[in-house]
Amino acid sequence: MNLVRCAIYTRKSSDEGLDQAFNSLDAQREACEAYVQSQRHEGWRALPAKYDDGGASGGNLERAALIRLMAEIDAGRVDMVVVYKIDRLTRSLADFAKLVERLDKAGASFVSVTQQFNTSTSMGRLTLNVLLSFAQFEREVTAERIRDKIAASKKRGMWMGGLVPLGYDKREDGLVINPDEATVVRTLFQKYMELGCVRRLRDFADSEHLRTKIRILKDGAQKGGASFSRGRLYHLLSNPIYVGKIRHKTELHEGLHHAIITDDLWQEVQARLAANASNRKSRTNAASRSPLAGKVFDQDGEPLAPSHAVKTGRRYRYYVSKHLVRDSGVGRKDGWRIPASELERAVCNALLQDHEVALLLGDVRSGPSDASADRLLAVVQSVRISEAMLHIELDLQSLSAGEPSGPGKAHTIDAAFSLRRRGVETRFVLSGQQAAEPDTILIQRIVKACSWLDQIRAGASIREVAERDNVMPEYVSNNIDAAFLSPRILKAIMDGRQPPELTATRLFRTSLPLLWADQEQILLP
């Protein structure tokens with residue numbers, strides 16, 4: 001009779017109740033130990049080591065005890081993983097496939113004591129895959145109901161929980177005005193119109209000892225009562241709840257609560273905020289210049305002129321074929337219209353990949369700073385753009401001297417490139433560079449969304465989830481869709497093979513369908 005070394009794994013999504021003498025993890029372990037005992041005639045023996053993940057989400061594999069367990073399996077010290085239910089090991093079909101693959105590679109198996117499935121047989125694997133598919137479907141349907149309920153309630157003007165805003169108190173029937181705090185809110189709105197600047201408003205709030213809302217937590221601890229930061233003031237001044245409205249994503253609905261400020265004051269403040277934001281962007285972008293002006297040509301020798309466009313207060317620079325500017329709206333339509341920052345970045349990268357240039361600029365080989373980029377572009381004599389090639393001429397003598405000094409040792413670089421789209425943005429990708437790479441912001445957004453969903457399914461409210469991560473409840477409800485991506489989309493994102501236009505911002509703005517095939521058609525065309 002062969003010895004079967006059994007490792008018992010337990011997990012609980014939340015840490016609630018783990019401080020009890022006999023908690024959920026203990027109950028799971030007891031059931032698993034009893035099952036292993038019933039298989040003693042088959043040589044099963046429970047290992048003494050405990051693999052308990054308390055307060056860990058089943059939506060990902062980043063769990064301390066699970067990582068230790070998989071290391072033991074890879075080392076050949078575990079033959080059988082025993083869990084109370086399948087979802088204690090994972091709630092993700094894609095993660096389950098990864099775990100089974102590692103178990104097979106190590107010659108180990110997996111068993112659920114309450115569901116009688118054993119991955120040591122092909123039928124057991126098939127049944128588990130079917131079961132996990134339905135579990136994934138249940139998870140998505142549950143989340144769909146949550147999103148629909150939130151949307152429907154907000155359309156009716158109901159406040160859906162979260163941190164109670166300054167100026168209001170929470171009652172069973174919703175929000176009611178707190179007179180003292182409402183005075184602070186009105187003062188801040190009115191003073192902003194007088195001062196016209198959030199920085200000055202912050203200084204005024206400090207001088208008048210105006211403070212954020214004081215909150216009493218469940219354990220009796222007190223939070224808040226702090227000075228206003230600029231960020232908190234921006235959020236307060238742009239929060240439509242003070243004019244009696246409820247925001248749901250990009251839509252505003254009439255709320256059931258009373259307004260603190262008038263609609264006229266609200267509109268004036270929003271207009272001032274928008275104007276100030278536009279001015280800041282204009283001042284920032286006005287300093288932008290086109291260092292390759294007069295140096296860029298197409299394959300026929302026609303120059304590309306620097307140009308720009310302004311959209312929503314932001315200035316976008318381009319290098320444009322002159323005939324497109326001269327004959328705008330008529331005649332030839334072919335030509336180049338290249339984002340200036342992308343072309344300048346590509347030229348800098350091409351120079352840094354060149355051996356002779358790299359020897360002269362060894363201090364910036366990891367990537368040019370603004371100063372070193374200016375230095376590089378200043379010594380470029382011409383850039384000729386053909387179908388898929390950049391032909392760059394520069395003066396190595398000027399580069400060595402640190403500044404342009406007239407004609408010197410000419411040097412030519414040919415760099416193959418391709419154009420990639422990322423939303424409305426065009427990107428230059430040089431040959432030999434990675435066309436795509438893992439988007440850490442996008443990955444973090446997905447991991448966080450999965451964690452939020454697991455907490456909600458475990459019984460937490462959106463407000464509680466938001467408080468734990470120190471974010472606004474609206475941020476949680478608006479970003480939780482990222483937890484329902486198909487395994488194929490997730491694999492592409494983790495490998496860095498997602499389309500360049502698939503960013504966290506686009507994911508946030510996209511209404512995801514329930515079916516994975518439909519998601520993939522939208523996000524992985």
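The values are calculated or read from the model by the stated rules, or taken from the named source; none is laboratory data. Predicted, not measured: the structure shown is a model, and the values here were computed from it. FYI the Cβ positions are ideal-geometry reconstructions off the backbone, even for glycines, and counts take in every protein chain you see. Just the protein is used for accessible areas: all its heavy atoms, side chains included, with ligands, DNA and RNA removed. Shrake-Rupley method; radii C 1.70, N 1.55, O 1.52, S 1.80 Å.
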Heavy-atom accessible area per residue of region 170-228, all protein chains kept, 1.4 Å probe, expressed in Å², is 64
Not counting ligands, DNA or RNA, and with a 1.4 Å probe, what is Thr262's accessible surface area in Å² rounded to the nearest 10? 80
Net charge over other residues, Cβ less than 13 angstrom from the Cβ of Val269 (K, R count +1; D, E count -1): -1
List the pairs from Lys170/Lys311; Lys105/Lys491; Lys223/Lys491; Lys295/Lys491; Lys12/Lys213 whose alpha-carbon separation is above 32 Å, in the order I gave them. Lys170/Lys311; Lys223/Lys491; Lys295/Lys491; Lys12/Lys213
Please list 3J(HN,Hα) in residue order for region 44-55, calculated via the Karplus relation 6.51 cos²θ - 1.76 cosθ + 1.60 where θ = phi - 60°; whole Hz, with x for glycine and proline. 6, 9, 7, 6, x, 5, 9, 10, 10, 10, x, x
Using heavy-atom solvent-accessible surface (probe 1.4 Å) with all chains present, what is the largest-first order of Ser24, Ser112, Ser382? Ser24, Ser382, Ser112
Along the Cα-to-Cβ line of Val471, 7 Å from the Cα, sits a label point; which residues in region 511-525 have backbone N less than 20 Å from it? 511-513
